[in-house]
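Have a look at the structure below before the remarks.
What follows draws every value from the coordinates through simple rules; no lab data is involved. Just so we're clear, the structure is a prediction, and the values are computed from it rather than from any experiment. Cβ coordinates were reconstructed from backbone atoms using ideal geometry, including for glycine residues, and neighbour counts include every protein chain displayed.
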Amino acid sequence: MLQLNPMNIVIAKGLTKNYGSLKAVDNIYFEISKGECFGFLGPNGAGKTTVMRIIYCFMPPTSGEVKVFDTDVNQDPSHIKARIGVMPQDDNLDPDLTVFENLIVYARYFDIKKKDSEPLARELLEFVGIAEKTHVKIGDLSGGMKRRLVLARSLINNPELLILDEPTTGLDPHSRHTVWEKLHYLKSINTTLILTTHYMEEAEKLCDRVAIMDSGNILTIDSPSSLMNIHGGNLEDVYLKLTGKALRE
Ligand SMILES: Nc1ncnc2c1ncn2[C@@H]1O[C@H](COP(=O)(O)OP(=O)(O)O)[C@@H](O)[C@H]1O
Ligand SMILES: [Mg+2]
């Protein structure tokens, strides 16, 4: 059914993840192509984070095959990790370090030399609009600033593929707007984006295709416009119709 198309950056075939007796992801198939913005939408517990974590090689699938850049996630995770950026669902910044130091330490994982990482860190803090917080400790940042810092950190290795798990959940409107604006920009320069979100309006604007998930299954994969044509209403109406569940907010 699935062909190895060189334009595909991620291919998942029969992907399954069990936690004990719980099937968190149940035999799903999808492909994501280069330059695409692909969204995983679904209620809490649908399995979105689990899928993302498998793609960014945080944990292995129970069964099935997942390839990123034509490399199996079980075979060579470090090759994959070097080329991707990750914004995990929960911020995992080092509270003992400043904003700037968090970026510099992270850059070391990618063997980026200090003489390169320092100007890069400044540029990225400028990019996400928190340059004035450069030498502030993490504990003194607002939630929105922390999220923007994690976005900056995910870009330190100039990734071809960016994986964003609920990048704007719980943010103030200003930070939320900034993050979506940056994602539109990254898409315009051909970065492949994979994201989860509860903001249907934003997904409708940014995503080329979305997978609507529930209980570990993909209910449908299509472009927002075609889903809206088929089911009527906006993307939120489609989501409600397919999952039968209200958005978290
Ligand atoms: N580390 C874990 N151990 C056990 N169960 C987990 C773990 N992570 C997630 N789950 C369960 O797996 C299901 C899918 O979770 P998750 O992938 O986080 O969904 P989503 O991101 O869509 O909210 C949920 O029922 C969740 O409680
Ligand atoms: Mg999640």
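Remarks
- Counting neighbouring beta carbons within 10 Å and listing from fewest to most, the residues Arg53, Arg147 come out as Arg53, Arg147.
- Fraction of alpha-carbon pairs over 19 Å apart in segment 71-208 - percent: 49
- Think of segment 149-249 as a dipole: +1 on every Lys or Arg Cβ, -1 on every Asp or Glu Cβ, centred on the Cα centre; then among Ile221, Pro167, Val210, Pro167 lies furthest on the positive end.
- Between segment 1-76 and segment 171-199, the alpha-carbon center distance in angstrom: 21
- Remark: spin-label model distance Asn44-Glu201 equals 2.3 nm, labels positioned 7 Å along the Cα→Cβ axis.
- Fraction of the pair-distance distribution of the chain above 30 Å, Cα-Cα pairs, percent: 26
- Highest-fluctuation residue, Pro88, Pro224, Pro173 considered, GNM on the chain with Cα pairs under 10 Å: Pro173
- Within segment 9-156, the percentage of alpha carbon pairs spaced more than 20 angstrom apart rounds to 55%.
- Placing +1 on the Cβ of every Lys and Arg and -1 on the Cβ of every Asp and Glu, with nothing else charged, gives segment 112-249 a dipole about its Cα centre of roughly 540 debye.
- Degrees separating the helix 99-108 axis from the principal Cα axis of the chain, which is the longest one: 70
- Taking θ as phi - 60° and the Karplus parameters 6.51, -1.76 and 1.60, the scalar couplings of segment 161-166 work out to 10, 10, 10, 10, 9, 6 Hz in sequence order, x denoting glycine and proline.
- Couplings 3J(HN,Hα) for segment 203-220, derived from phi with the Karplus relation 6.51 cos²θ - 1.76 cosθ + 1.60 (θ = phi - 60°), are 4, 4, 7, 9, 7, 6, 9, 10, 10, 9, 10, 7, 6, x, 10, 8, 7, 6 Hz, where x marks Gly and Pro.
- Neighbourhood net charge (14 Å Cβ-Cβ; Lys/Arg +1, Asp/Glu -1) for Leu183: -2
- Base-10 log of normalised Debye intensity for segment 179-240 (one unit scatterer per alpha-carbon) at q = 0.14, 0.21, 0.22, 0.30 Å⁻¹: -0.41, -0.86, -0.93, -1.36
- Assigned charges on the beta-carbon of Lys, Arg, Asp, Glu; the chain dipole about Cα centre (debye): 280
- Residues whose amide H comes within less than 5 Å of that of Arg209, counting only those at least five positions distant or on another chain, are Cys37, Gly39 (H built at 1.01 Å from N in the peptide plane).
- Signed unit charges on C-beta, dipole axis of the chain, positive-most listed residue Phe58, Leu240, Gly42: Phe58
- Cα long-axis angle, helix 143-154 against the chain (0 to 90 degrees, to the nearest 10): 90
- Rounded to whole Hz, the Karplus (6.51, -1.76, 1.60) HN-Hα couplings of segment 225-240, x for glycine and proline: 5, 6, 4, 5, 5, 5, 9, x, x, 8, 5, 5, 4, 4, 4, 5
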